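Visitor: Submitted below is the structure of interest, expressed as structure tokens.
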């Protein structure tokens, strides 16, 4: 009877343990039910007229919503904008016309109903003072190692007669204007290799102009990070050459990175393989740090090496591989 009691007791303890683990796991992913919550829009309200080339959509925030989905339909009831944002406002360029918009809150498990669609009119104005040029590409702080010319693009303003672009270069905190181009009638421009001739941070600025009203937008700006230099190679530290480590303990791989004079950030790539040729790589780590722990699952000889890659795509040479034996 005593053995049976102990066995039953163990089963009960196991069941309780499983229940508690399940309960904790469920609690970790538990989301508040927002199905019946309501969102109130604040702008543009139904019947509003927006005189601009952009519309800024705003609504009250919801405590348990992680994101908001904004939808905009045109006069033909075709969705022209469907965006998921993390804050309670969103600005987007639109062509002049009639629109309606709605928004709902979302979290991992639930979503509210959409707000009732609010209709609004977007009107073009020849006064560009309060309008905005929306830059499209490349993205801000764009890293590149290409020196053959960089295409930049933006969204046009219906009442703009032309655009002006300015290219600035930043070296050691000092800003100098490299080029100014006026009377551009297209919505794109290729920055020449002459203007981007040395590694540096380049600021490209675009503004729109209307000749009839003699008005212009403020400059819209973004940065391009030109970096053509490969980062310096790492030097391996530990484990040492032909080191032996225990299977029961995670191995800490450490290397040294010299200071890098490049414009863009550097990432270290640690590769671990089961053969010296590295045709059988068992693990790759991409790291901002210069160390990484790794737990092996089997004994044997392994090899490790590191190379550095910067955000612009330049790469150092691999270090000479080292062998580590796991017992």
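Yes/no matrix, rows are residues, columns are (1) more than 30 Å from residue 202 (Cα to Cα); (2) under 31 Å from the mean Cα position of the chain (by Cα); (3) assigned by TED's automatic domain parsing to the domain that holds residue 173; (4) at pLDDT below 95:
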residue	(1), (2), (3), (4)
264	no, yes, no, yes
277	yes, no, no, no
281	yes, yes, no, no
300	yes, no, no, no
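Visitor: Which number in (1) closer than 24 Å to residue 69 by Cβ; (2) at pLDDT below 95 marks the one condition that residue 174 misses?
Guide: For residue 174, the failing item is (1).
Visitor: Moving on to the next point. With the requirement that a residue be surrounded by 17 or more Cβ atoms within 10 Å (Cβ to Cβ) and over 17 Å from residue 121 (Cα atoms), what does region 71-89 give you?
Guide: The one that is surrounded by 17 or more Cβ atoms within 10 Å (Cβ to Cβ) and over 17 Å from residue 121 (Cα atoms): 88.
Visitor: State whether one or more residues within region 91-98 are crowded, with 18+ Cβ neighbours inside 10 Å, part of a strand (DSSP E or B) and touching a strand residue (DSSP E or B) at 6+ places or on another chain (Cβ under 7 Å). Step through it out loud before you land on a result.
Guide: As a first pass, look at region 91-98 and keep what is crowded, with 18+ Cβ neighbours inside 10 Å: 93-94.
Filter once more, so that each one left must be part of a strand (DSSP E or B): 93.
Within this subset, residues satisfying the condition of being touching a strand residue (DSSP E or B) at 6+ places or on another chain (Cβ under 7 Å) are 93.
Checked region 91-98: at least one residue is crowded, with 18+ Cβ neighbours inside 10 Å, part of a strand (DSSP E or B) and touching a strand residue (DSSP E or B) at 6+ places or on another chain (Cβ under 7 Å).
Visitor: Go through (1) surrounded by 11 or more Cβ atoms within 10 Å (Cβ to Cβ); (2) modelled with pLDDT of 95 or more for residue 40 and report which single condition fails.
Guide: Here residue 40 meets the rest and fails (1).
Visitor: For the structure I just gave you, tell me whether residue 205 is surrounded by fewer than 18 Cβ atoms within 10 Å (Cβ to Cβ), in contact with a strand residue (DSSP E or B) (Cβ under 6 Å, 6 or more places away or on another chain), under 30 Å from residue 188 (Cβ atoms) and at pLDDT 95 or above.
Guide: Values: surrounded by fewer than 18 Cβ atoms within 10 Å (Cβ to Cβ): no; in contact with a strand residue (DSSP E or B) (Cβ under 6 Å, 6 or more places away or on another chain): yes; under 30 Å from residue 188 (Cβ atoms): yes; at pLDDT 95 or above: yes.
So residue 205 fails the test.
The values are calculated or read from the model by the stated rules, or taken from the named source; none is laboratory data. Remember, it's a predicted structure, so these values are computed and weren't measured experimentally. Neighbour counts are summed over all protein chains in view; Cβ atoms, including those assigned to glycine, are modelled from backbone coordinates with ideal geometry.
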